[in-house]
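See structure below.
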Amino acid sequence: MDQSSSASSSSSLRWRILRQALINRSDSQSQDEIKRVSRKATQGFNLIPFHVVDSSENTREACVCYTIPIPASPKLYLTQRVDNCSDLNDFEISNRHNIDNTGLVCQWPSEEVLAYFCMSQPDRFRGKRVIELGSGYGLAGLVIAAATEASEVVISDGNPQVVNYIKRNIESNSMAFSNTSVKAMEFHWNQHQLSELTNSFDIIVASDCTFFKEFHKDLASIIKVLLKANEPSEALFFSPKRGDSLDKFLKEIEDTGLHYVLTEKYDGEVWKRHETLVKGDESWPNYDKNHCYPLLIQITNYHK
């Protein structure tokens, strides 16, 4: 089988996985197909230990406890969707708001890496105003709020269903944030008239937000809008290359007048986990560096 037909076959199987999520197929043939093409990880990079606290067969949700691996740090309790619970209403909402549905699917590995990297560098965030874009359930934003003494953390997503989860997770963990102000926000990247947010953030963080090319231009533009213009400020993005998707996003960054630095080996522990997974690990079938390993992109305004 040549490369093009192999890619086509994998693409077809992934669409069948989506169909299965909607009609809840569970036959053995379907499960074998999923194992053959899925890159979904059961444990991710396993940087932040977690366990399910409460889950019922009769609900679409589970409460998951994350243990921040820093002495004396609080545990975080996040309400999340359980696997294979997407329905047509989820996709209708995505279409209505012109957003993707990935924030509801699961806690993505790049989000875990982002959270781990941020908690490992508390001085970088101390006293800073921070916003997380495309946050999903908000793990990274909540870790920053609980472990870095940031002055304010805004956890945002464009999906109103996801934002409802973020609000619940902020409320559930309110005692963990000390003096840090934490709030949720429904935020779309094409909102460029934002007087109260324009040039007001020291740090933007995001993970896995560069896959969909149709959002690249708006995402690059909103970074420039949000970052402080006359003081040092930066955006920290974690994204795998995923073919030419990341390269195309970085071209938009340059066209917007921003500067970026791309780093492959940014944390010793993350890199060690990556090397283990490359050699083969049942916790992450079909692990592939191009599609799974998040690179660090540091984005700044040019300073004259």
## Note on the structure
Lys pairs in region 125-273 with Cα under 20 Å (8 or more apart in sequence, or on separate chains) total 18
### Query
Given a 1.4 Å probe, how much area per residue of region 122-183 is accessible, in Å²?
35 Å²
### Task
Please list D54, D267, D244 in order of solvent-accessible area, largest first, computed with a 1.4 Å probe with all protein chains present.
D54, D244, D267
## Note on the structure
Between I70 and T300, the FRET efficiency computed from the C-beta separation at R0 = 22 Å comes out, to the nearest 0.05, as 0.20
### Summary
Taking Lys and Arg as +1 and Asp and Glu as -1, residues besides K265 with C-beta under 14 Å from its C-beta add up to -1
### Where region 257-304 is the region considered: accessible area per residue in Å², 1.4 Å probe
57 Å²
#### Entry: Whole-percent carbon and sulfur share, accessible surface of region 190-287, 1.4 Å
47 percent
### Task
Grab the other residues whose beta carbon is less than 9 angstrom from that of S207, score K and R as +1, D and E as -1, and report the net.
-4
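The values are calculated or read from the model by the stated rules, or taken from the named source; none is laboratory data. Nothing here was measured: the structure is a model prediction, and the numbers come from that model. Note that each Cβ is placed from the backbone with ideal geometry, even for glycine, and that neighbours are counted across all protein chains shown. Please note that ligands, DNA and RNA were not included when accessible areas were found on the heavy atoms of the full protein model with its side chains. Shrake-Rupley method; radii C 1.70, N 1.55, O 1.52, S 1.80 Å.
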